[in-house]
C-alpha cells in the first residue's frame, strides 16, 4: 500500500525499525472493544499492531511476541484474572529471552494490584480513563 501525505509518520524504535506492538486479550474475557480502540490508536500513530484476538493463552501470546519480534505488548484484561495471566506471560517472555519487550496492561485493575504487577516487570498499567494518547506516548517513550 502506498503512503499518502495524510498517513502518520511511522513510529520508529531506537534501532530504526517501525515500532511493533502486540495487543492481546488473554483468558476468557470476551470484551474486546477497548483493545480494538487501543490497537487503532497505535496504528494511527504509525506503529505496526498485531492484534491476537480473543481467548488467547499466555503461551499463545508469548509465542506471538517472539514470532513478530515485537517491541511492546499490551494485555487487555477486564476479567479480574490479571494476577494469574500477567505473571505467566511475564514468565514466558523471560524464559524465551524477550523480557526486554515493554509489557503493559490495561483494563479494570484494582489500584492495590498495580505495585505487584510492576514488580513482575509490567512497565505500566492503564486503567479506565487513560487516554489513547497517553498510551501512544508511553509506548513511544519506552521503545523509541
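The values are calculated or read from the model by the stated rules, or taken from the named source; none is laboratory data. Just so it is clear, the structure is predicted and the values come from calculations on it, not from any experiment. Here Cβ is always computed from backbone atoms with ideal geometry, including for glycine, and neighbour counts include all displayed protein chains.
Is it fair to say residue 44 is surrounded by fewer than 16 Cβ atoms within 10 Å (Cβ to Cβ) and at positive phi?
No, not satisfied.
Restricting attention to the range 1-30, report how many residues are part of a loop (DSSP other than H, G, I, E, B), at pLDDT 90 or above and surrounded by 13 or more Cβ atoms within 10 Å (Cβ to Cβ).
3
Just to check your reading of the model, which residue among 50, 139 is in contact (Cβ under 8 Å) with a residue 12 or more places away in the chain and assigned to a strand (DSSP E or B)?
The match here is 50.
Name every residue in the range 64-86 that is closer than 18 Å to residue 131 by Cα and part of a loop (DSSP other than H, G, I, E, B), in order of residue number.
If the condition is that a residue be closer than 18 Å to residue 131 by Cα and part of a loop (DSSP other than H, G, I, E, B), then 78 is the only one that fits.
Within the range 87-129, which residues are part of a loop (DSSP other than H, G, I, E, B) and surrounded by fewer than 15 Cβ atoms within 10 Å (Cβ to Cβ)?
Hits for the range 87-129 are 96, 97, 99, 100, 108, 110, 127, 128, 129.
With the structure loaded, tell me whether residue 54 is modelled with pLDDT of 95 or more and over 15 Å from residue 136 (Cα atoms) or whether it fails that test.
Yes, satisfied.
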